[in-house]
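First the structure, in the form of structure tokens, and then the observations on it.
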Amino acid sequence: MAQIELSTIRKSFDGTDVLKGIDFRIEDGEFISLVGPSGCGKSTLLRIIAGLEPQNSGQVHIDGRPVDGIRPSARNLAMVFQSYALYPHLSTFDNIAVPLRMRRLSAIERLPLLGPLLPGRRAKERTIRADITAIAEQLDIAPLLRRKPGQLSGGQRQRVAVGRAMVREPRAFLFDEPLSNLDAKLRVHMRAELAELHRRLKATFVYVTHDQAEAMTMSSRIAVMMAGELIQVGTPAEIYDDPGDIRVAEFIGSPKINILPGRVRKDGGIDVLGTALRLGCGAAAGDCRVGVRPERIELGAGPFSGSVVHLENLGAEAFVHLAIEGAGARLIARLGDVRQLPAMGRAVTFGFAPDAVRAFDPAGKRIELRVEQAERIREPAHV
Amino acid sequence: MSNTHSVTFRAILRHVLLIAGAALMLAPFIWMISTASKPQTEIFSSELHLIPHRFALWDNLREAFAKANLLRFLLNGVIVTVSIFVLQVMVALPAAYALAKLRFLGRETLFALVLFGILIPPQATAIPVFLLLHKAGLLDSYAALVLPFTISVFGIFLMRQFFKTVPDDLVDAARMDGISEFGIVWRVMLPAAIPAVTAFGIFSVVAHWNDYFWPLIVLNSEQLRTPPLAVAHFRNNEAGTSYGPLMAAAMVIIAPLVIAFLFAQRRFIEGITLTGIK
Ligand SMILES: Nc1ncnc2c1ncn2[C@@H]1O[C@H](COP(=O)(O)OP(=O)(O)OP(=O)(O)O)[C@@H](O)[C@H]1O
Ligand SMILES: [Mg+2]
């Protein structure tokens, strides 16, 4: 069990800065997800924690002790790779046994022909076998122990890779997009299994993904990375409801948050698409951007109107794409009741509650808002 | 109808051409077997015939084994080719691993030098190497036959290309599991590269089993001779060349390779296609 602390980690490859000073503390037993778009440096950060890649500056502390310059295996962390990285020539059993044999057997005992003849080896092999059997029971891979990785399905390989990580009882688990090679259904299933595994092991999990749904559903905290910087860290609910940056707001949530052009007036009020919202703020007058999540858009009533340009009916819910006249803006609204689906091309009015609004300044930083009146922005329905 | 007609015609034409080519390639080989089966008188007779009138293969073989210590030469061949191959692998695998998977200053330059090394024919360096062995007092020994070939630039190149295709994650996983860098070479890369090692082994063994040039230069002692020199043994007789036993001896020294090929035919073809030398 471990607490991992990163201080001002910088890394550059061939002159390009990939990590620009990451400060971050991962608490003991936490399930933390690192999310961000492709190429933002998530894997690089994970590999620095693992010791597979040296950082250019900054320190990594595990349980308060600096680990810089310490070999990956000596850090006692386990990593599960996107490609699973199982040894193709070894059976499932031997794959899981590798970390144990490396740790428990001496160099002479590991020798191919001579090793098995040595006196102590037998007893050690027996403890290894017992440990692997226990892990295999837990992960439901006991019948697969004699197969080679090539004879396993993607989900089974994933489980074997987790088994190989678990068997050495590491201080923390590092996952690099372990589910991205699985099909959608299996991914949802494995999501639940990994979360369950975390609850059972109570170990520190650092989980890299670019799938925000994985991050939202499994983690205790999410760290959002963009272009080599950590821009927000918080619980999934905080990240979703309270994004500090427009990039976070846009990255988390599917479909994406609606961003509408707005203006901050001299008196601190906010206009969106020419309509004044009953909101005030302390920001300087000028342009701003206003974000509203699709599920907070209320169709059928409100000061705005748009025409339906696309419908996505998922059965349990539907997404209505609206084009807003005169503004060139597009917007997506979630409809909980698919029976009320509007027809294509029809004009619809819509509105949203003031507390659904998240405003961002031109630099993308969040603007704090005050709700001026408790009443909703809604005019009598015309439809 | 006419379509299938032309297809069969084409197929026949193709086979005729291929058979003609094969016959051309096999002719010397068949002639060797034929000569090995003829008594001396028939070999020197003016008329050409393939099938011997009197079948003398056993006599020729007996004479070949009596005149030269063929078994000893075959054993020398095995000792030399196996030592060369084992040492080549021991050098080439770590070198190829470093060139393919480790990041260090000057890696690309070193690799360019390896490529450059492939261009240098062994004959070009023969004299310096000979002098070196002479100074080291190693001439006329197994070491003289083995040492100059322990570093195979072709082997390094071939294995490096293969290691490039092994995913980096696998190497990293091995590091996480606590395997040392040398351990990775032998426990992770070697098993993954068995097809490439086999292909390289075939090239190496065939080349050094059949090598005539180098053993001829560095050897004096008869008991160190390798199989191709055994054949020369029959030519150098003052009593004139006895072709029957010579051809019989040639058959004997080719036999191990042919038998090995028949056993490992599939591997051999895999290996050839792997290197792209078709
Ligand atoms: N060994 C390397 N040499 C040079 N550049 C590298 C190397 N590894 C990573 N990079 C660069 O560093 C940047 C960050 O890479 P990284 O793998 O950390 O991204 P990521 O966030 O994991 O992306 P993804 O979601 O696609 O896996 C990328 O621009 C990549 O090109
Ligand atoms: Mg990555």
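The values are calculated or read from the model by the stated rules, or taken from the named source; none is laboratory data. These numbers come from a predicted model, not from an experiment. Please note: Cβ atoms are built from the backbone with ideal geometry, for glycine as well, and neighbour counts cover all protein chains shown. Ligands, DNA and RNA are excluded from the accessible area calculation, which covers all protein heavy atoms including side chains. Shrake-Rupley method; radii C 1.70, N 1.55, O 1.52, S 1.80 Å.
Express the Stokes-Einstein translational diffusion coefficient of region B:2-65 in µm² s⁻¹, to the nearest whole number, given a Kirkwood radius over alpha-carbon pairs, 37 °C and a viscosity of 0.692 mPa s.
Translational diffusion coefficient: 228 µm²/s.
Starting at the first residue of region A:201-206, write each ³J(HN,Hα) from the Karplus equation 6.51 cos²θ - 1.76 cosθ + 1.60 with θ = phi - 60°, in whole Hz, x for Gly and Pro.
Each residue's phi maps through the Karplus curve to give 7, 6, 9, 6, 10, 10 Hz.
Alpha carbons only, please: Rg and Dmax for region A:271-383, in angstrom.
14.6, 44
Could you state how much accessible area is buried at the B-A interface, both sides summed, with a 1.4 Å probe, in Å² to the nearest 100?
Its buried surface, counting both partners, is about 1600 Å².
How large is Rg over Rh for region B:68-277, taking Rg from the Cα atoms and Rh as the Kirkwood inverse mean of 1/r across Cα pairs?
My calculation puts Rg/Rh at 1.04.
Average partner chain C-beta neighbours within 10 Å, per residue of A:82-94?
The shielding value for this peptide is 4.
Using a simple spin-label model with points 7 Å from Cα along the Cα→Cβ vector, what separation in nm is obtained for A:D23 and B:K164?
The two pseudo-label positions are separated by 4.4 nm.
Which ³J(HN,Hα) values in Hz, rounded to whole numbers, follow from the phi angles of region A:249-259 under the Karplus curve 6.51 cos²θ - 1.76 cosθ + 1.60, where θ = phi - 60° and Gly and Pro get x?
Values, residue by residue: 4, 6, 6, 8, x, 9, x, 4, 4, 7, 10 Hz.
With r as the distance between the Cβ atoms of B:F182 and A:E295 and R0 = 51 Å, compute the FRET efficiency 1/(1 + (r/R0)^6) and round to 0.05.
Once the sixth-power term is evaluated, E becomes 0.35.
How would A:R265, B:R54 rank on accessible area, largest to smallest, probe 1.4 Å?
B:R54, A:R265
With no solvent and one point on each alpha carbon, what is the Debye value of log10 I(q)/I(0) for region A:4-242 at q = 0.15 Å⁻¹?
Log10 I(q)/I(0), no solvent term: -1.06.
Between B:R72 and A:H310, with labels modelled 7 Å along Cα→Cβ, what's the label distance in nm to one decimal, could you check?
Computed distance between label sites B:R72 and A:H310 equals 8.6 nm.
Mind ordering B:119-129, A:96-106, B:55-65 by average Cβ neighbours within 10 Å, highest first?
Averaged packing, sorted descending, gives the order A:96-106, B:55-65, B:119-129.
Any of A:K124/A:K202; A:K20/A:K42; A:K42/A:K148 with alpha carbons more than 19 Å apart? Name them for me.
Exceeds cut-off: A:K124/A:K202; A:K42/A:K148.
Other chains near B:165-175: what is the mean number of their Cβ atoms within 10 Å of each residue's Cβ?
For this peptide, the per-residue mean of nearby foreign Cβ atoms is 6.
Hey, got the average number of other protein chain Cβ atoms within 10 angstrom for residues in B:194-203?
0
If the cut-off is a Cα-Cα distance under 12 Å, which aspartates and glutamates reach A:K365, setting aside same-chain residues fewer than 8 apart in sequence?
Within the straight-line cut-off, A:K365 pairs with A:D242, A:D245.
Which percent of the accessible heavy-atom area of the protein assembly as shown goes to carbon and sulfur, probe 1.4 angstrom?
60 percent
Please check: in the Gaussian network model of chain B (C-alpha springs, under 10 Å), which one of B:S45, B:S242, B:S180 has the largest mean-square fluctuation.
Comparing B:S45, B:S242, B:S180 in a Gaussian network model of chain B, the most mobile one is B:S45.
Two-decimal Rg/Rh of region A:230-334 from alpha-carbon positions, Kirkwood Rh?
Computed over Cα atoms, the ratio is 0.98.
Just the number, please: percent antiparallel of the DSSP beta bridges in the protein assembly as shown, rounded to the nearest 5.
80 percent
Out of residues 5 or more away from A:I297 or on other chains, whose amide H comes under 5 Å of its own, with H placed 1.01 Å from N in the peptide plane?
Residues meeting the criterion, in which the H sits 1.01 Å from N, are A:R334.
Could you give the distance between the Cα centres of region A:291-339 and region B:16-50, to the whole Å?
Computed from Cα coordinates, the inter-centre distance equals 88 Å.
Using a 1.4 angstrom probe, figure out how much accessible area region A:1-107 has per residue, in square angstrom, rounded to the nearest whole.
Each residue of region A:1-107 exposes 38 Å² on average to a 1.4 Å probe.
Would you please give the residues with an amide H less than 5 Å from that of A:I22, counting only those at least 5 places away or on a separate chain, with H modeled from the backbone geometry?
A:T8, A:I9, A:R10
Near the amide H of A:F304, under 5 Å away, which other amide H atoms are found, from residues 5 or more places off or on another chain, if H is placed in the peptide plane?
Those qualifying (amide H under 5 Å, at least 5 residues apart or on another chain) are A:F350.
Mind putting together the pair-distance distribution for the protein assembly as shown? All Cα pairs, 10 Å bins, whole percent per bin, short to long.
3, 11, 16, 16, 14, 13, 11, 7, 5, 3, 2, 1, 0
What are the ³J(HN,Hα) couplings of region B:13-29, residue after residue, when phi is run through the Karplus curve with 6.51, -1.76, 1.60 and θ = phi - 60°? Round to Hz, x for glycine and proline.
4, 4, 5, 4, 4, 5, 5, 4, x, 4, 4, 4, 5, 7, 3, x, 5
For B:I12 and B:R54, compute 0.36 nm times the residue count separating them, minus their Cα-Cα distance, and round to one decimal in nm.
11.4 nm
Hey, quick one: spin label on A:S180, modelled 7 Å out along Cα-Cβ, who in region A:199-226 has an amide N within reach, i.e. under 14 Å?
A:207-215, A:225
Return the calculated 222 nm mean residue ellipticity for chain A, to the nearest 500 deg cm²/dmol, obtained by summing -39500 (n - 2.57) across DSSP H runs with n ≥ 4 and dividing by the residue count.
One gets -7500 deg cm²/dmol as the mean residue ellipticity at 222 nm.
What Kirkwood Rh does region B:89-145 have if only Cα atoms enter the pairwise 1/r average? Answer in Å.
About 13.7 Å for region B:89-145.
Beyond 22 Å, what share of the Cα-Cα pairs of region B:1-129 remains, rounded to the nearest whole percent?
71 percent
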